[in-house]
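The values are calculated or read from the model by the stated rules, or taken from the named source; none is laboratory data. None of these values were measured; they are calculated from a predicted model. We place every Cβ from the backbone using ideal geometry, glycine too, and count neighbours over all the protein chains shown.
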Amino acid sequence: MSLTSGGESINEALLEQGLVRLGKTVPRRAAALLTKLREKEDLARKGRHGMWRYGDIDEDEALEFGMVRQKMEAAKAAAAAPPSAWGKK
């Protein structure tokens with residue numbers, strides 16, 4: 001959905017000010033619009049506007065914070081759990 005007012009895109013203005021984010025999954029039919037909106041979001045991120053003021057808010061699950069490693073270790077532990085006394089996991 002694209003919002004406009006007086007010929008200007010409200011979506012672009014909100015993204016550029018860092019007040020909203022784009023979703024991770026977007027329909028393919030919006031690919032042309034999406035590239036333009038991603039540029040606006042990148043401007044806000046690089047300029048540290050709005051929610052990006054203190055840095056990238058998506059980095060919590062980055063490798064350097066160990067989140068991916070912790071998830072992988074938990075999955076391995078669950079898969080390697082010995083069967084119960086009844087022979088079931």
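Summary of computed values
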read-out: Selection within region 18-33 - of a type in the set (Val, Ile, Thr) and either in contact (Cβ under 8 Å) with a residue 60 or more places away in the chain or surrounded by 12 or more Cβ atoms within 10 Å (Cβ to Cβ) (or both); value: 20, 26
read-out: Pick from region 1-38, criterion charged (D, E, K, R) and more than 17 Å from residue 51 (Cβ to Cβ), ranking: modelled with the highest pLDDT; value: 36
read-out: Residue match in region 39-48 (condition: among the hydrophobic types (A, V, I, L, M, F, W, C) and modelled with pLDDT of 75 or more); value: yes
read-out: Region 1-12, residues that are touching a helix residue (DSSP H, G or I) at 6+ places or on another chain (Cβ under 8 Å) and either closer than 19 Å to residue 47 by Cβ or part of a helix (DSSP H, G or I) (or both); value: 11, 12
read-out: Residues that are surrounded by fewer than 11 Cβ atoms within 10 Å (Cβ to Cβ) and either touching a Cys at 6+ places or on another chain (Cβ under 6 Å) or under 28 Å from residue 71 (Cα atoms) (or both), drawn from region 34-55; value: 54, 55
